[in-house]
Amino acid sequence: MIHRQRMTARLEGEFAVFLIGMRINRPWLPHRWLPVAAAMPRMLRELYAQPALGLLSHEMWFSRTIVLLQYWRSLDALLAYARARDAAHLPAWQAFNRAIGTDGSVGIWHETYCAGPGTHENVYVNMPPFGLGDAARAAAGARGAGLSRLPRVLKRTPGRPKFS
């Protein structure tokens, strides 16, 4: 459902944003990249079946580089899942290293960011629930413009450009 009004998402406390993906470097070798691509849906099914593991929401985009955006309750929850011997991630990671390693046929990558109160901003207009707005269940009432919604403490962080 598309929400026409301006929406914003507020997630209580700290959370982690995890970007992960793969790049198909040799598309003519589907036997190399298909098993890698098939691993993530298994993990997502497991994570949604067990909400206590900490995944809040995800979005995914497909092209030569597949991008998966995930929102986690905490960095600790994300790391615990990544290291859990009884979860789908660790065997998938070990299988990738055995089958692909550094042969160049499939690239994988990830980036992890920690966020919390006052360290992020968002707005959604004419959008279905998406991104943080899906993870935090967006509510009507976005006000202000862009970075002006961020608290002044963020604007004064050493090494950051000043936006005001």
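Compared with the alpha-carbon gap, the fully stretched path from Ala84 to Thr102 is longer by 4.1 nm at 0.36 nm per residue. Converting phi to 3J(HN,Hα) with the Karplus coefficients 6.51, -1.76 and 1.60 and the offset θ = phi - 60°, segment 52-65 yields 5, 5, x, 6, 9, 5, 8, 9, 9, 10, 10, 6, 4, 10 Hz in sequence order, with x at every glycine or proline. Rounded to whole numbers, the Karplus 3J(HN,Hα) couplings from phi for segment 106-111 are 9, x, 10, 7, 7, 9 Hz, using 6.51 cos²θ - 1.76 cosθ + 1.60 with θ = phi - 60°, and x at Gly and Pro. As an equivalent ellipsoid, segment 3-129 spans semi-axes of 29, 19, 12 angstrom, where each value is the square root of five times an eigenvalue of the C-alpha gyration tensor, largest first. Maximal additional length on extending the Val67-Arg42 stretch stands at 7.4 nm, based on 0.36 nm per residue less the C-alpha distance.
Bear in mind that the values in this text are calculations on the coordinates, not laboratory data. Quick caveat, the model's predicted, so the values are computed rather than measured.
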